[in-house]
Amino acid sequence: MKYDAATNSFNDNTNVKIIVPDFGGTSAIEYLVTGFLNLGPYFHDMVEYFVKRGYKRGKSIRGAPYDWRLAAGEKFAYTISYTVFTLYMHLAN
């Protein structure tokens, strides 16, 4: 990430885009590295525990992944998203 003093903001480096995939789903929190081997099980066992007891991925069990590379100023947008997400989950379940 690059800091821009003129705008007091952080921006992605050239040809780099930091994204947080599958906000609200579970795929981004179940494994640290996804793909062919699904290395680094992170919350997979916990998600499976609840799925086996009737919870549904993306409906009654969801995740709010966060990329630690996001700058402090970017946390506000994440906080708003997380707050709305939590309220939605409360109302939907």
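Sorting the segments 79-87, 60-68, 4-12 by their residues' average number of neighbouring beta-carbon atoms within 10 angstrom, most packed first, yields 60-68, 79-87, 4-12. Counting only residues at least eight positions apart within a chain, or on another chain, the lysines with an alpha carbon under 26 Å from that of Lys17 are Lys2, Lys75.
In this structure the amide hydrogen of Tyr31, modeled in the peptide plane, comes within under 5 Å of the amide hydrogens of Tyr42, Phe43, none closer than 5 places in sequence on its chain. Straight-distance candidates among the lysines for linking to Lys59, with alpha-carbon spacing under 19 Å and chain neighbours fewer than 8 residues away dropped, are absent. For the range 22-92, the Cβ-based charge dipole about the Cα centre amounts to some 280 debye (Lys, Arg positive; Asp, Glu negative; other atoms uncharged).
Within the set (i) 35, 14, 7; (ii) 29, 19, 8; (iii) 32, 16, 14, the number that semi-axes √(5λ) of the Cα gyration tensor in Å takes when calculated for this structure is listed as (ii). Computed from Cα positions, the angle between helix 75-92 and the longest principal axis of the chain comes to roughly 20 degrees.
Read the figures in this text as sums done on the coordinates, not as results from a lab. The model shown is predicted, which means the values in this text are computed figures rather than measured ones. Ideal geometry is used to build each Cβ from the backbone, glycine not excepted, and the neighbour counts take in all protein chains shown.
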